[in-house]
1. Radius of gyration and Dmax for the protein assembly as shown's Cα atoms, expressed in Å?
2. Averaging over every viewing direction, what projected area does the convex hull of the Cα atoms of segment B:61-174 cover, in nm²?
3. Pick out, from B:GLY220, B:SER238, B:ILE136, the residue whose Cα sits farthest towards the positive end of the charge dipole of segment B:55-258, with +1 on the Cβ of Lys and Arg and -1 on the Cβ of Asp and Glu.
4. Grab every C-alpha pair in segment B:236-356, bin the distances at 5 angstrom width from 0 up to the longest one, and report whole percents.
5. P(r) for segment B:298-341, please, calculated from all Cα pair distances in 10 Å bins and given in %.
6. Taking the beta-carbon count within 10 Å as an exposure proxy, list B:ASP278, A:ASP108 from fewest neighbours to most.
7. Under the Kirkwood approximation applied to all pairs of distinct alpha-carbon atoms, what is the hydrodynamic radius of chain A in Å?
8. How far is the Cα center of segment A:304-356 from the Cα center of segment A:63-80, in Å?
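Bear in mind that the values in this text are calculations on the coordinates, not laboratory data. Note that the structure is predicted; figures quoted are calculated from it, not measured. Note: ideal-geometry Cβ built from the backbone for every residue, glycine included; neighbour counts use all protein chains shown.
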Number of protein chains: 2
Amino acid sequence: MDNRFWNKKTREQTPYVPGEQTAGACIKLNTNENPYPPSPRVRELISQFDTETLRLYPDPTSSLLKETIAGYYGIDKSQIFLGNGSDEVLALAFQAFFDQTTPIAYPDVTYSFYPVYSSNYSVPSTLILLSEDFTIPIEDFKAFPGSIVIANPNAPTGVFIELSAIKELLLSNRERLVIVDEAYIDFGGESAVGLINEFDNILVVQTVSKSRSLAGLRVGYAMGDLSLVKALECARDSFNSYTIDTLAQKIAVVAFEDGAWFENTRAAIMETRKWTADELAKIGFVTLPSKANFIFTTHPDFCASELYELLREKGILIRYFNKPRIDNFLRISIGTNEQMIQLISTLEKIVKGEQL
Amino acid sequence: MDNRFWNKKTREQTPYVPGEQTAGACIKLNTNENPYPPSPRVRELISQFDTETLRLYPDPTSSLLKETIAGYYGIDKSQIFLGNGSDEVLALAFQAFFDQTTPIAYPDVTYSFYPVYSSNYSVPSTLILLSEDFTIPIEDFKAFPGSIVIANPNAPTGVFIELSAIKELLLSNRERLVIVDEAYIDFGGESAVGLINEFDNILVVQTVSKSRSLAGLRVGYAMGDLSLVKALECARDSFNSYTIDTLAQKIAVVAFEDGAWFENTRAAIMETRKWTADELAKIGFVTLPSKANFIFTTHPDFCASELYELLREKGILIRYFNKPRIDNFLRISIGTNEQMIQLISTLEKIVKGEQL
């Protein structure tokens with residue numbers, strides 16, 4: 001292809017590759033979507049939505065949504081920044097805080113968008129090796145002289161670190177910014193948002209994609225000190241002033257308001273997660289302790305890439321990463337009970353060498 | 001404010017400031033929104049929309065919307081790139097094609113996001129002075145040794161340049177990329193999209209915000225050679241893979257499908273524009289010839305900033321730019337006939353010194 005108009009970065013960049021979005025019928029356990037629909041109030045809202053208002057630009061301050069999230073977490077709305085999904089929030093955080101003069105560190109095994117952002121914004125990045133059990137080696141991070149980006153629970157492992165460890169990181173060097181990506185926090189972890197009043201060097205990033213079943217909507221948010229929010233707003237307004245559309249703002253509000261739906265669906269997912277890990281153990285899989293809506297599992301006698309292919313042939317889509325240290329693991333999103341029963345039944349046949 | 005975590009760019013950046021979004025009742029003629037609602041089919045679509053699908057990520061390829069736009073323009077879907085509003089598309093174009101080694105030029109009077117993008121992506125930028133009548137001095141642009149960004153019709157002037165001039169630009173140097181921002185093309189101009197098969201050095205950017213009454217939705221798109229689209233995809237996937245939500249994709253499709261609504265509303269706006277310019281002329285205003293859904297007008301005897309304030313006090317919101325060469329102009333979005341009658345009546349009283 002003629003790439004004479006591509007700039008140096010475009011020629012050299014290796015972009016992020018998201019998990020496959022399938023059109024056909026299959027059991028889709030590959031992109032950590034919630035198996036349950038969003039709150040029924042979303043349907044109500046949409047049926048009453050005045051489409052005429054779409055002729056106007058959205059509220060660029062997303063005021064109502066900020067108030068709703070602020071109310072949920074007991075923080076001030078000035079401590080919230082909203083974006084078009086948490087990926088955009090993270091990208092704008094890299095743009096606002098990091099550049100070639102600000103070294104950052106993140107785990108060697110983590111969300112694979114971080115190295116892409118680092119490259120995109122020319123940020124010198126150090127990979128800190130996770131411990132053998134895939135926990136975050138907190139002393140190594142404390143010793144790192146720069147800012148830190150971690151996912152908690154981590155992806156694709158699902159492993160959670162306690163808030164006490166994050167607090168240690170914050171205390172060990174108040175001149176470093178710690179970005180905590182909590183995309184999966186609602187499935188059993190404890191959010192670090194409670195630390196943002198005490199520490200101005202933490203930015204907590206969340207999303208409505210997973211625990212509120214709204215991946216299709218693209219709403220993410222960051223919570224932190226006002227000075228961090230202001231920097232994010234500057235980055236956004238140097239890129240795209242209106243990032244969240246009118247409908248998305250309104251739908252996200254009702255998703256937060258329906259607390260019962262949120263509690264019930266996340267509890268169901270955590271229960272199914274436990275069942276799935278237990279069943280996997282019975283057929284020889286070793287599964288990392290997960291506080292996410294997915295599990296990371298490996299089998300001593302089977303090659304993960306082959307299991308991935310066999311499941312795919314049977315219409316069960318999971319995620320396999322051909323990367324150092326994790327190339328014998330499978331990441332399996334937690335689906336409905338029925339979906340997981342079918343997954344386990346298929347894996348059981350494979351492991352026992354039965355006809356599929 | 002403590003800004004110790006802001007990087008150099010954040011400290012130095014002057015972000016874009018969009019026109020005010022008002023909550024209260026007023027005649028809002030300040031951000032070039034369409035005074036007519038989107039196609040009634042949008043309401044139908046929404047009332048039948050299956051909210052359960054929002055639990056899944058959107059189609060990252062926006063396949064159906066691309067097919068729809070491709071069909072509308074008679075191009076191939078591989079020649080289309082979609083983004084979260086045309087501002088995002090433009091930002092990603094700067095990110096993909098330009099950097100500190102690629103000088104670009106744009107008019108001194110144009111969309112004020114271009115200098116912000118230039119600064120954000122460190123692109124050395126030359127401002128080429130518009131002619132006295134605010135037309136684009138095509139020979140000066142042809143002589144410029146680098147890429148070019150123009151809005152056609154231009155903002156905030158509304159002035160259109162003919163496709164023959166754009167073709168001259170493309171022919172004069174096939175090593176330069178010409179980005180033509182056609183946010184306002186549907187109000188009487190002729191799109192350059194017909195040139196994308198002949199020239200691989202043109203990128204045409206459009207939006208559903210204006211002529212399809214969907215500013216609240218955030219959908220923009222670029223059309224050009226496949227190699228340009230690939231570069232934009234690389235830039236996007238280094239930033240945020242899922243930029244357009246599921247509902248926005250579907251709503252944009254029906255807006256394109258309802259050709260009659262589009263034709264009727266844009267014709268009404270062009271008619272009202274002519275009426276408004278004629279009425280303004282009667283009370284001494286000089287209005288630039290506009291092919292946009294706004295007009296740019298000045299009065300020899302009245303200070304534009306004062307007129308702006310007087311209108312504001314009467315609940316009529318228009319846009320005033322306190323910038324060199326245009327600080328005695330007013331940019332007025334074309335509203336409904338009723339809104340423009342009220343605008344003219346108010347301006348008439350001001351000009352005639354009557355009690356407001």
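1. In Å, with Rg to one decimal and Dmax whole: 26.6, 93.
2. On the way: hull surface 31.6 nm².
Averaged projected hull area, Cα only: 7.9 nm².
3. Value: B:SER238.
4. Bins of 5 Å from zero give 2, 10, 17, 18, 14, 9, 9, 9, 6, 3, 1, 0 percent of pairs.
5. 28, 54, 18, 1
6. Values: B:ASP278 11, A:ASP108 14.
Lowest to highest Cβ neighbour count: B:ASP278, A:ASP108.
7. Working: mean 1/r = 0.0467 Å⁻¹.
It works out to 21.4 Å.
8. 40 Å
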